[in-house]
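Notes follow the structure.
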Amino acid sequence: MSAIHPTACVAPGARIADGASIGPYCIIGPDVAVGEGCRLVAHVHVAGHTTIGARTVIYPFASLGTPPQSVKYRGGPTRLTIGADCDIRENVTINIGTEDDRGVTEIGDRCFLMAGSHVAHDCKVGSDVTFANNAVLGGHVSVGDHSFLGGQAAVRQFVRIGEGAMIVGMSGVRADIIPWGMAQGPLANLTGINVVGLRRRGFAKLEILRLREAYRELFLGDGLFRDRLARVEGKCAGDRLVGGILAFIRSGTRPLASAIRRTSAAAEQEA
């Protein structure tokens, strides 16, 4: 049985799974599906064609499934899907998709969206992703698994953030960030590789060293970028980490974030 507080407003047609808990003053629309064991703490607003995965916890004043903040949205039955075991904190906002894209905004499993963060229409966020306070995505952004966005980071529309990337707080991301890249600054330049994230994911030291060498060749080496790309492809065929970056670059249609050289002190701390 689900537990629904008497002050909550659950519209006819909403599907509340067994074991879900709907707290005081929550508002649930008619096209919402709340998964087994979910907990909506209080004052949560869920609208639109929204599906929330099992055991996800949503805190007060989060607003999910509301119409896109887009002048092109025409009122269609676009969707929002949120995975299992997510932690969605206070004042988080997530919009449904638009008719001119895939029509769905997606959040993967085990994501942690801290207070005030925002996911706009048609975004696709992978699993095990963390948004620190007030991190925001524009429309049509994709974020790879195991990525981290620092506090007040802002990502412009259509940008891709690769798997395991680390966006430092207060950064403004306007170009694609490679997998396992570390980006920082008003224009979110690459400053290196997310070594801490790689270690936490269990990659071997030799794999990390090969990735760092490939990064230096690609972004800090001599000659034209297309020539550097070809050299790295020739040297690192079959390497899973480097191969992931090369595939990401080859599949892109928009600019890549450029790299800057780190200070010697910062490089020593990373090592």
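The values are calculated or read from the model by the stated rules, or taken from the named source; none is laboratory data. Computed from a predicted model, the values in this text were never measured in an experiment. Cβ sites come from the backbone with ideal geometry, for glycine too, and all protein chains shown count toward neighbours.
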Subset of region 48-77 [modelled with pLDDT of 95 or more, over 14 Å from residue 22 (Cα atoms) and either not assigned by TED's automatic domain parsing to the domain that holds residue 116 or not polar (S, T, N, Q) (or both)]: 48, 49, 53, 64, 65, 67, 68, 73, 74, 75, 76, 77
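Given the criterion of a type outside the set (Gly, Ala, Ser) and touching a Gly at 6+ places or on another chain (Cβ under 7 Å), identify the matching residue among 260, 208, 178, 245.
Details: 260 fails: touching a Gly at 6+ places or on another chain (Cβ under 7 Å); 208 fails: touching a Gly at 6+ places or on another chain (Cβ under 7 Å); 245 fails: touching a Gly at 6+ places or on another chain (Cβ under 7 Å).
Of the residues listed, the single one that is of a type outside the set (Gly, Ala, Ser) and touching a Gly at 6+ places or on another chain (Cβ under 7 Å) is 178.
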Checklist (1) within 24 Å of residue 81 (Cα to Cα); (2) crowded, with 16+ Cβ neighbours inside 10 Å; (3) outside the structural domain of residue 66 (by TED's automatic domain parsing) applied to residue 127, failing item: (3)
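Kindly evaluate residue 144 against the criterion of being over 11 Å from the mean Cα position of the chain (by Cα) and not hydroxyl-bearing (Ser, Thr, Tyr). Talk me through it step by step, then tell me what you get.
Details: over 11 Å from the mean Cα position of the chain (by Cα): no; not hydroxyl-bearing (Ser, Thr, Tyr): yes.
So residue 144 fails the test.
Consider residue 104 carefully, then state whether it is over 23 Å from residue 152 (Cβ atoms) and either touching a strand residue (DSSP E or B) at 6+ places or on another chain (Cβ under 6 Å) or of a type in the set (Lys, Arg) (or both). Before the answer, list the steps.
On the way: over 23 Å from residue 152 (Cβ atoms): yes; either touching a strand residue (DSSP E or B) at 6+ places or on another chain (Cβ under 6 Å) or of a type in the set (Lys, Arg) (or both): yes.
Yes, satisfied.
How many residues does region 61-72 hold that are touching a Ser or Thr at 6+ places or on another chain (Cβ under 8 Å), aliphatic (A, V, I, L, M) and assigned to a loop (DSSP other than H, G, I, E, B)? Reasoning before the result, please.
Just the residues of region 61-72 that are touching a Ser or Thr at 6+ places or on another chain (Cβ under 8 Å), to begin with: 62-66, 68, 70, 72.
With the extra rule that they be aliphatic (A, V, I, L, M), the set shrinks to 62, 64.
Within this subset, residues satisfying the condition of being assigned to a loop (DSSP other than H, G, I, E, B) are 62.
Of the residues in that region, 1 qualify.
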Filtered residue count, region 144-159, keeping only those that are over 14 Å from residue 183 (Cα atoms) and buried (at least 18 other Cβ atoms within 10 Å of the Cβ): 3
Conditions (1) under 10 Å from the mean Cα position of the chain (by Cα); (2) touching a residue at least 24 places away in the same chain (Cβ under 8 Å); (3) within 23 Å of residue 65 (Cα to Cα); number of the one not met by residue 157: (1)
All positions within region 213-252 that are closer than 18 Å to residue 189 by Cα and among the hydroxyl-bearing types (Ser, Thr, Tyr): 215
Qualifying residue in region 185-194 (condition: in contact with a helix residue (DSSP H, G or I) (Cβ under 6 Å, 6 or more places away or on another chain) and farther than 27 Å from residue 141 by Cβ): no
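Kindly evaluate residue 21 against the criterion of being surrounded by fewer than 22 Cβ atoms within 10 Å (Cβ to Cβ), more than 20 Å from residue 128 (Cα to Cα), within 19 Å of the chain's Cα centre (by Cα) and assigned by TED's automatic domain parsing to the domain that holds residue 107. Quick ask: steps written out before the conclusion?
On the way: surrounded by fewer than 22 Cβ atoms within 10 Å (Cβ to Cβ): yes; more than 20 Å from residue 128 (Cα to Cα): yes; within 19 Å of the chain's Cα centre (by Cα): no; assigned by TED's automatic domain parsing to the domain that holds residue 107: yes.
So residue 21 fails the test.
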